[in-house]
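Engineer: Pasting in a structure now, in structure tokens, and then I'll have a few things to ask.
What follows draws every value from the coordinates through simple rules; no lab data is involved. Since the structure is predicted, the reported quantities are computational estimates derived from the model, not experimental observations. Using ideal geometry, Cβ is built from the backbone for each residue, glycine included, and neighbour counts are taken over all protein chains shown.
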Amino acid sequence: MKYTPLDGASKESNRVVGVGGHRGNERTVGTIDLTHPRIGEAIVAEVRTERVVEQMPGHPDDLVISSIFDSNSEHWGPGGSGVATSLAGMARPRTPKGRARRVHELLALEYPEAICELDHETPFQLLIATILSAQATDVGVNKVTPGLFARFPDAESLAEADLDEVEQLISSLGLFRNKAKNIVSCAQQLLDRHDGEVPGPMKDLVALAGVGRKTANVVRSVALGLPGLPVDTHVLRLSRLLGLTDETDPVKVETALNPMVPAAERGEFSLRMILHGRRVCIARRPLCGECSLASFCPSVR
Ligand code: SF4
């Protein structure tokens, strides 16, 4: 979404207020960072939703705002009139939940298409690809899965596979012998316990060979449309940097984050945190100067 600067909006510290989308009588308002090379293109420091009740003819930016959605309290608060867009009105989120909500809003603007980067066509293929992705890159996994799935497209065929052949097909990945054993066992368990289908319940998924909570949450959220918040190294690191939680154990991080993110959006939240961790908040050299979360991130440098 591109944000258009409002005429008459005040400019503070190289930032100016702009309007993104309209829906009915509501509009999304964000702060555009004028120093960023892609001005207005989802590079906003703050976002809020306003309800517009009156517009002056000939002055599209001169509005009466009935109410403004407060991300911290998750309630609509009082609005105002005029070019209702001073930056002072955009409160810094002060609670972990408020920050999580703001992170979610801003990353949704920056990465509108939150897609899983592991190639797959079925829940079974995503399950196998995710098991293979442990300590490997998505690119590396995507290089081996076309050959693997051409030969063994489903649980029935993989359950009968010769282990040596599977090892050869995935031999470019680290820990390939162990992974080959796990994916063949996993396929056999799917046949024995679930008629060859990928189950939805977490307890059934984590009982499969090679499947931990992260893999289970990827499958649930991406392939099955169920709530799931995968916590990988990026989600864990960013959650701590952004002051969403102090926990260091991935399961405890997941437990802390779940109540902060609507159930249906947990998968996308995780995917966007991962993208931000790869592209902007890079582990050894976070690009805070280019980060859309910098205005409220407690770890900004
Ligand atoms: S401001 Fe810096 S530390 Fe905080 S999320 Fe952005 S890149 Fe990471």
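Engineer: What's the local net charge at PRO123, with K and R +1, D and E -1, over the other residues with C-beta under 11 Å away? It would help to have the intermediate numbers written out before the result.
Structural biologist: Details: positive: ARG220; negative: GLU121, ASP154, GLU197.
Every neighbour counted, the sum reads -2.
Engineer: So for MET260, MET202, MET273, fewest C-beta neighbours within 10 Å to most, what's the order? Working shown, then result.
Structural biologist: Numbers: MET260 21, MET202 17, MET273 29.
The order, fewest Cβ neighbours first, is MET202, MET260, MET273.
Engineer: List the residues, sorted by chain then number, that are 5 or more residues from ASP33 or on another chain and whose placed amide H is less than 5 Å from its amide H.
Structural biologist: Amide H neighbours of ASP33, under 5 Å, 5+ apart: GLY40, ALA45.
Engineer: Would you list, by chain and number, the lysines whose Cα falls below 18 Å from the Cα of LYS97, excluding same-chain residues fewer than 8 positions away?
Structural biologist: Output for LYS97: LYS252.
Engineer: Starting at the first residue of the stretch 92-109, write each ³J(HN,Hα) from the Karplus equation 6.51 cos²θ - 1.76 cosθ + 1.60 with θ = phi - 60°, in whole Hz, x for Gly and Pro.
Structural biologist: With the stated coefficients, the stretch 92-109 comes to 6, x, 10, 10, x, 5, x, 5, 4, 5, 5, 4, 5, 4, 6, 5, 5, 6 Hz.
Engineer: Rounded to the nearest Å, what's the spacing between the alpha carbon centres of the stretch 111-157 and the stretch 159-228? Just the number, please.
Structural biologist: 11
Engineer: How big is the dipole moment of the stretch 94-301 about its Cα centre under a simple scheme where the beta carbon of each Lys and Arg is +1, that of each Asp and Glu is -1, and everything else is neutral? Debye, nearest 20, please. Don't skip to the answer; put the middle values down first.
Structural biologist: Values: 25 positive and 26 negative charges, 286 e Å.
Its charge dipole is roughly 1380 debye.
Engineer: First select every other residue whose beta carbon is under 15 angstrom from the beta carbon of GLY228; then total the charges, Lys and Arg +1, Asp and Glu -1.
Structural biologist: Values: positive: LYS203, ARG213, LYS214, ARG220, ARG266, ARG272; negative: ASP204, ASP232, GLU254, GLU265, GLU268.
That sum, taken over residues with Cβ under 15 Å, equals +1.
Engineer: While we're looking at this one, here's another question. Residue by residue through the stretch 293-301, what is 3J(HN,Hα) from phi via Karplus (6.51 cos²θ - 1.76 cosθ + 1.60, θ = phi - 60°)? Round to whole Hz and write x for glycine and proline.
Structural biologist: 9, 4, 5, 10, 6, x, 9, 4, 10
Engineer: So what J values fall out for the stretch 178-188 if you push phi through Karplus, 6.51 cos²θ - 1.76 cosθ + 1.60 with θ = phi - 60°, rounded to Hz, Gly and Pro as x?
Structural biologist: 3J(HN,Hα) across the stretch 178-188, in whole Hz: 5, 5, 4, 4, 5, 6, 5, 4, 4, 5, 5.
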